Amino acid sequence: MPGPLRAQSLARLHRVPGAPVHLSPPTEIGMEAKYQERLSSIERIQEGFAELNYICSRPIATAIYVSCHLGKPLLVEGPAGVGKTELANATSEYLGVPMIRMQCYEGLDESKALYEWKYAKQLLYTQILKDKIGDVLSDAHGLAESMEQLHRFSDIFFSEQFLEPRPLLKALTAEEGAVLLIDEIDKSDHEFEAFLLEILSEFQISIPEIGTVKAKKRPFVFLTSNNTREMSDALKRRCLHLFVPFPDAKLEQRIIKARVPAIPDSLKVQLVDFVQQVREMDLKKQPSVSETIDWARVLLLLHATSLDADVVRETLNVFLKFEEDIHAVDQQLYEFTRHAQKADARVA
Amino acid sequence: MERTFTNFLQALRGAEVRVSVAETLDAMETAELMGWGDREALKYALSLALAKTPDEKEIFDATFDQFFRFDSFRGRDGETPEANSGEELEGKAGDLLDMVQRRDETALALAMQQAAREVNVENIRFFTQRGLFTQRILGAMGIEAIDAAISAAVRSGEGGAGQAGQLREARSYLFEQVRDFVEQQLSLQGAGASAELREDRLRRSRLGNLDRRDQEQMKVIVEKIARRLVALHSRRKKLRNRGVIDIRKTMRRNYGSGGILFDLEWKQRKIDKPRVMAICDVSGSVAAVARFLLQFLYELHELLHDIRSFAFSGKLIETSSFFKDKQADDAVAAIMDRVGFMPTDYGESLSNFREKFLNDVDKKTAVIILGDGRSNFTDPRTDILKEIHDRSKRVIWLNPEPPPLWGTGDSEMRRYAPYCDLVRECNTLNHLERVVGDLLQVAQKAA
Ligand SMILES: Nc1ncnc2c1ncn2[C@@H]1O[C@H](COP(=O)(O)OP(=O)(O)OP(=O)(O)O)[C@@H](O)[C@H]1O
Ligand SMILES: [Mg+2]
């Protein structure tokens, strides 16, 4: 079944001085053996990630499976702290390839994302050229001929020596393949998004000064978004799209167990139940998974073995960030705690 | 399976999930990768490729569940329901009786799928067709055999009565199943047809006579088109300042710094953002078109250098500021307050423009005039339009009336036309999209 693996084909990295050139099509070979086994099934991925302490639901594992097999970028959306960034980290660790992260922000442009031209260095060279200009032009007669000779030197200005690679170029040129994480793409602006489109569809980029750079090994690409703005249709069309919601109680318990192994079982069940109840409320900011983890750690430090109203009240600010939210939850404190204790009893 | 799959995509589109060609291909590759053996995994996987907002995910899930409810996913990996479709017609009728009596839902579902394919149930569009398709499917499944068995049982007298009763019961069970199935197909395909047709209809319908509900939908469509145009054109713009150094210019520019090439001058492909002045007639039915033209232009502000808008009927005012701090709806209302509902006077309005704004028109300005050119038999002042034409880069006239009406009655369109670079009929969203697309295209070609 050659279809799905086609995407993993490799291509030579070409850098040709001067104008962009069109290159021969990439060589087609299958997905590397080392990934092949690790990506052999959805269950295999779930188990493998769990060993790295990343607990993924079936939809998430399916997303990794499909995206890696088809070689399609994966756009991950969902509320803050549900583990979007960590998913990319875990994937890089799992596949044993380096992680290249590009944090997006407003005003991020190609020079920060792709490569930067080292003007200072170039200036230095220019100075040298100036000193040597007499030698260069010594045998030239007249202005036209001088210009002609100077022209030949213009190539100096476009050589790779002045090129400082940034994440995107690094990911395209990574010898061993890479996980490329384009984090919080929603913080970048529309123009940058449009620019990404080219890379995401071709995995190659033309650098006017150098030529066309084509991925030697297609990187596994993750994009994350907190949905502060809607991504363009064009971008979404090129990506597979995974929405990661807050985990359900069962999954969250497993995450807590993975991240805070020392936690007593009953405390784990209770605190997860409490947080799940809090998420039902209409709050300014809902507690995320990372905050549940923080809370678990704090409770552990306090040697709590189960929840009671006092210890919850003292630690509300660990997982709630706004005064109003703390106040609102405080109103429900006894009820929620009782419910959490019962949840534990149910499990036991 | 390919047909079932295509129908599923059609149903999704119908439920307003946008599915592009690229996504269709992705979905097919995904299905091929996953196989048909694990229904749940397939659902998650296809959802990655086909549904790209939380809303779409929800619709996707519902549609998937509804659509594949009758398909058996219990087969071995890779085996598609279609693999079971090659049965002999004769055996089928016999089986049918058997299946119905055993209430074998999986087998029935398969038989029903196959019969549905035979009668092209995906063509169902209207609820009035329910009976028709139900009968056709029952026919294709071989209901006659059951009917024959019932008759035979009845004929056999006393002893057959019990059996006939049982058979009748089985028949009505089958009938219900098929009717539900057709019902479900109607809700998938029928809805599908309507949503697709609706957008298509809206894009082609006259902006002058939309009802309120359509207005809302129109705004969404305009936004969508605008976003596409932005995505299409902004990448090209970025190509500026990149490329090869222009030695000649660099030398000239750095003449002052003692020969050190301090400021590099690139050989650049200059792309001018067009400066746009839009002059809109807001009388009568033209106002509706003006509204959408202006929404369009302001959605595209990223791509345009500077947009100024003017509205007129009896006189002309500048309306640029209206759009800077108001929603399009409010802006239009405010504009109508100031200049709406007066007898139209093109001559007067043009001379207002000349007095206050003609100086701002330069060789980079594209002037768009939107109007029917009906000036109540007043002096059209074509001389002013000529002046505008001479100073500007382009004059584009958009007329909501169809060409045969130009120049009839009080329409001065034919007299204005010689001073325009382009005159177009414009009264639908499709017209507008074309005009705006041209505007951006011309700007980029002018490099
Ligand atoms: N499924 C999970 N398994 C294990 N740990 C998890 C899981 N989900 C979240 N976490 C934990 O939660 C923390 C926060 O996750 P992460 O930073 O990836 O969230 P995020 O979605 O990227 O948030 P933001 O939108 O704020 O960037 C991680 O450090 C990780 O420890
Ligand atoms: Mg993150």
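The values are calculated or read from the model by the stated rules, or taken from the named source; none is laboratory data. Just so we're clear, the structure is a prediction, and the values are computed from it rather than from any experiment. Glycine also receives a Cβ, built like all others from the backbone with ideal geometry; neighbour counts cover every protein chain displayed. The protein model used for the area step is the full one, side chains on, heavy atoms only, and it has no ligands, DNA or RNA in it. Shrake-Rupley method; radii C 1.70, N 1.55, O 1.52, S 1.80 Å.
Things to note:
- Computed log₁₀ I(q)/I(0) - Debye formula, equal Cα scatterers, no solvent, segment B:309-447, q 0.15 Å⁻¹: -0.81
- Database remark: amide H of B:Asp306 closer than 5 angstrom to the amide H of B:Val276 (H placed geometrically; neighbours at sequence offset of 5 or more, or on other chains; Pro and chain starts carry no H).
- Unsatisfied cross-links (Cα-Cα over 27 Å) in the set B:Lys315/B:Lys386; A:Lys72/A:Lys284; A:Lys84/A:Lys268; A:Lys72/B:Lys57; A:Lys72/A:Lys321: A:Lys72/A:Lys284; A:Lys72/A:Lys321
- Peptide B:306-318 shows a mean partner chain C-beta count of 0 within 10 Å per residue C-beta.
- Kirkwood analysis of segment B:112-166, using all unique Cα-Cα pairs, places the hydrodynamic radius at 12.8 Å.
- D (Stokes-Einstein, µm²/s), Kirkwood Cα radius, segment A:167-279, 1.306 mPa s at 10 °C: 93 µm²/s
- A Cα-only calculation for chain A places Rg and Dmax at 26.7, 97 Å.
- Degrees between helix A:333-347 axis and first principal axis of chain A (Cα, 0 to 90, nearest 10): 90 degrees
- For segment A:218-224, Karplus couplings with θ = phi - 60° (6.51, -1.76, 1.60), whole Hz, Gly/Pro x: 5, x, 7, 10, 10, 10, 10
- Over the Cα atoms of segment A:219-265, the radius of gyration divided by the Kirkwood radius equals 1.17; this is the Rg/Rh ratio.
- Here, segment A:249-347 is characterised by an Rg to Rh ratio of 0.92, where Rg is the alpha-carbon radius of gyration and Rh the Kirkwood radius.
- Percentage relative contact order, segment A:24-117, counting C-alpha pairs under 8 Å, at least six apart: 23 percent
- The 3J(HN,Hα) values that the Karplus relation (6.51, -1.76, 1.60; θ = phi - 60°) gives for segment A:163-180 are, in residue order, 9, 10, x, 10, x, 5, 5, 4, 5, 5, 9, 4, 5, 9, x, 7, 9, 9 Hz. Gly and Pro appear as x.
- Cα-based Kirkwood hydrodynamic radius, segment A:213-291, one decimal, Å: 15.8 Å
- Legend: mean number of C-beta atoms from other chains within 10 angstrom of residue C-beta atoms, peptide A:54-63, equals 3.
- Amide H contacts of A:Tyr115 (H built 1.01 Å from N, under 5 Å, at least 5 apart or other chain): A:Arg166
- The simple spin-label model puts a point 7 Å past each Cα toward its Cβ; for A:His151 and B:Asp180 those points are separated by 8.1 nm.
- In degrees, nearest ten, helix A:309-319 long axis to first principal axis of chain A (Cα): 10 degrees
- Accessible surface buried once A binds B (1.4 Å probe; total of both sides; Å²): 4100 Å²
- The string of couplings for segment A:194-207 from the Karplus curve (6.51, -1.76, 1.60, θ = phi - 60°) is 4, 5, 4, 3, 4, 5, 5, 8, 9, 6, 8, 8, 9, 9 Hz, one whole number per residue in order, with x for Gly and Pro.
- Surface composition of segment A:249-347: carbon and sulfur make up 51 percent of the accessible area, probe 1.4 Å.
- Within 10 Å of each Cβ in A:231-239, the average number of Cβ atoms from other chains: 5
- Under-5 Å amide H pairs with A:Leu108, H placed in peptide plane, nonlocal only: A:Asp189
- For chain A, calculated [θ]222 nm from helices alone, where every DSSP H run of n ≥ 4 adds -39500 (n - 2.57): -15500 deg cm²/dmol
- When each of A:Lys216/A:Lys236; B:Lys43/B:Lys224; B:Lys52/B:Lys393 is checked by Cα-Cα distance, pairs over 31 Å: B:Lys52/B:Lys393
- Compared with the dominant principal axis of the Cα atoms in chain A, helix A:249-259 is inclined by about 70°.
- For segment B:142-193, the alpha carbon convex hull comes to 54 Å³ per residue, rounded to a whole number.
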